[in-house]
Every structure is written in C-alpha cells, then in structure tokens.
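Input: a single structure, listed below in structure tokens.
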Amino acid sequence: MLLYCTDIGLVLVTGGRSLRLADLTWDELLQDRAPLARLSAHAGTAQEVDGAIPQVLLAPIGSQDVWAAGVTYYRSRDARMDEARESGGSTFYDRVYEADRPELFFKSTAPRVVAPGGVVRVRRDSHWSVPEPELVLVINAAGAVVGYTIGNDMSARDIEGENPLYLPQAKVYDGSCSIGPAVLFTEDALPATTAIRLSIMRGGQLAFEGETTTGQIKRGFDELADWLCRESTFPVGCYLFTGTGIVPPDAFTLASGDEVAIAIDGIGTLTNTVG
C-alpha cells in the first residue's frame, strides 16, 4: 500500500484505487502497532477520489523526528574517508563501518522537511555539496519498521571533511532534508535487489547519474531501528535514513537550478530543485 500526504488529506493507493482517508493522521497511524491493518480497515469505508494521485503532494510526515545512519554502504565509507583525509580523521569512518554500533545522528524536525517538488538548499558557506539518495525507514512508536520512503540527505562534504565534529553543520540546516513522494507500508522485507537511482539534471543536460541496490547496505534495517530506539522513545514514531551507496565524484558539486531525482523501486521518484 502506498500512502500519500496531499492537499486533500491522506490518500491511500491500493488495488488500483485511490482512497481519501479523511479521518486518519500520520501521528495516529504510527502510534499503532499494526498500521497496515489499520490502513486496510480505513480503506473499507474511505471515499474514492478521481485520478491515481492528487497533484499537490506534501511531505509524507506528521510530527515525527527524522534521523539518519551513516557509513552503512562500503562506497559511503570510502567517500567519508576521502573527505576527512586532510584533517587526519579518515580512520574514524573505517572504524564506524566495522563497529557493532552504527553512526546515528539527528537530521530534521518535521516542519523543516521539504516536500516532493520543493526546493532543497546548498549551504552558503559550502563549496562542495551533494545530494545523498537514501531509503528511509518508517518506524512506529513500538520501534518496528512498518514502511519505507525515499530521502534526500543534502550534505556539505567540505564542512564535514574539515572535522568530523562539524557533521551537524554539514547535514542539518534549512532545506537539507526531503522525503517522499509516498510511504510504502508493507509487512514484507524489501528484496535485496531493490534499486536506488540518482540523476541530476543541469541546464537540461544530465550532469550525474548513479545506481545501487539495498543489498549493498551492510546493516540490517531492524538492527538500525533497534539501535535508534534503544535509549530513545518516539511516541508518534520516527523516520530513519539508512545511508547512501551513490556518491558523485570529488569534482562534482551541486549548483543552483539543478534538478535532483531519486527513484526507488516500488515507492516512486522524489524530485527536488536546488535553490
């Protein structure tokens, strides 16, 4: 089941039908231990709407916090080590990749999340910034992974590379986080062959493209959720970025006007413009 947040409320797309769930909120859904069953129950009495998906999409989030995991893909470990080599901190990332404990950090509050089609930003004091295309876990209040969406973790590679302690400034700022276009609610594990694709258009021309699969991630999704919820409670659930396996070359940096498109099989495509 795909659930969208739209200008007319929550819209569930299932079995070829689009259903408006007027009496349900994201917070109520992620408080539930069985959100898929709750969606099925609401679908039985929901009003059908015209068209597959309403035109005005909002970020598919209520009041949840957004967190992120780093150094989960082998390629991302190499990139982070390259960033930090000049500051002498490259071994930090190698150690995180091999450790039992993952790197977890706060990414965004819900009001700061950019909607599909919205404008993401590059920090004014950064000269080397990239999008990081990621699968995002949707976690309920009980700490269970109940769904998946797409995320763009905008990152200032030069700021983080200068000193690992600058990671919050490199990762957390206005316009640094986008999710969408929908949440896939499912009880089934995603196949390891699930593709994640990134394309960046500049002036009508392809500036960069890359592809990976969820099978390239080292850590299990339940493992990441367990670490996040181990000493923190999330009364209305939370979102967790799972890291990136697609890193543009060192010579590449985003420019104003670039269009970033991130596609994941079964969920859709998240598109944003760089402001």
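Working carefully through the options G220, G203, G180, find the one that is open to solvent by 50 Å² or more (accessible area, probe 1.4 Å) and in the same structural domain as N140 (by the TED database).
Selected residue: G203, the only one of G220, G203, G180 that is open to solvent by 50 Å² or more (accessible area, probe 1.4 Å) and in the same structural domain as N140 (by the TED database).
Could you please find all residues in the range 223-235 being open to solvent by 30 Å² or more (accessible area, probe 1.4 Å), out of contact with any Lys or Arg (no Cβ under 8 Å at 6 or more places or on another chain) and within 16 Å of V145 (Cβ to Cβ)?
Listed by number, the residues that qualify are E223, D226, C229, R230, S232.
If F106 satisfies every condition in (1) open to solvent by less than 10 Å² (accessible area, probe 1.4 Å); (2) at pLDDT 95 or above but one, which is the exception?
The failed condition is (1).
Enumerate the pairs (first residue in the range 96-121 and polar (S, T, N, Q); second residue anywhere and open to solvent by 50 Å² or more (accessible area, probe 1.4 Å) and assigned to a strand (DSSP E or B)) with beta-carbon separation below 9 Å, excluding pairs fewer than 6 apart on the same chain, so at least 6 apart or on different chains.
Note: pairs meeting the criteria are S108/D65; S108/W67; T109/D65.
Just give me the residues in the range 178-195 being in a loop (DSSP other than H, G, I, E, B) and among the hydrophobic types (A, V, I, L, M, F, W, C), in sequence order.
Within the range 178-195, A189, L190, A192 meet the criteria.
I'd like to check which strands (runs of 3 or more DSSP E) are fully inside the range 201-268 and have at least 3 residues that are more than 21 Å from W128 (Cα to Cα) and within 15 Å of the chain's Cα centre (by Cα).
Filter on the range 201-268 gives 238-241.
Test each condition in (1) in contact (Cβ under 8 Å) with a residue 60 or more places away in the chain; (2) among the aliphatic types (A, V, I, L, M); (3) closer than 23 Å to D258 by Cβ for I159 and report the one that comes out false.
(1)
Among the listed residues T242, T193, T214, identify the single one that is touching a Gly at 6+ places or on another chain (Cβ under 7 Å), among the hydroxyl-bearing types (S, T, Y) and either at pLDDT 95 or above or closer than 30 Å to H127 by Cα (or both).
Answer to the selection: T193.
Would it be correct to say that V146 is more than 13 Å from F241 (Cα to Cα), assigned to a strand (DSSP E or B) and in contact (Cβ under 8 Å) with a residue 24 or more places away in the chain?
yes
Here is a yes/no grid of residues against (1) of a type in the set (F, W, Y); (2) in contact with a Gly (Cβ under 7 Å, 6 or more places away or on another chain); (3) buried (at least 18 other Cβ atoms within 10 Å of the Cβ); (4) assigned by the TED database to the domain that holds F234:
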| site | (1), (2), (3), (4) |
| --- | --- |
| G147 | no, no, yes, yes |
| I150 | no, yes, yes, yes |
| D153 | no, no, yes, yes |
| P168 | no, no, no, yes |
| S176 | no, no, yes, yes |
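Just to be sure I understand, how many residues within the range 52-100 are at pLDDT 55 or above and within 22 Å of D222 (Cβ to Cβ)?
18
For the range 133-143, which residues satisfy the criterion of being part of a loop (DSSP other than H, G, I, E, B) and either open to solvent by 10 Å² or more (accessible area, probe 1.4 Å) or closer than 10 Å to Y239 by Cβ (or both)? I'd like the intermediate steps shown before the answer.
Residues of the range 133-143 that are part of a loop (DSSP other than H, G, I, E, B), as a first pass: 140-143.
A141, A142, G143, listed by residue number.
Only residues that are open to solvent by less than 70 Å² (accessible area, probe 1.4 Å) and farther than 18 Å from Q64 by Cα: list them for the range 6-35, please.
The answer is I8, V11, L12, V13, T14, S18, L19, L21.
Which one is surrounded by the fewest Cβ atoms within 10 Å (Cβ to Cβ) among residues in the range 36-49 that are in contact (Cβ under 8 Å) with a residue 24 or more places away in the chain and part of a loop (DSSP other than H, G, I, E, B)?
V49
The values are calculated or read from the model by the stated rules, or taken from the named source; none is laboratory data. In this text the structure is predicted, and so the values were computed from the model without any measurement. Please note: Cβ atoms are built from the backbone with ideal geometry, for glycine as well, and neighbour counts cover all protein chains shown. Side chains are part of the model used for accessible areas, which takes the heavy atoms of the whole protein and leaves out ligands, DNA and RNA. Shrake-Rupley method; radii C 1.70, N 1.55, O 1.52, S 1.80 Å.
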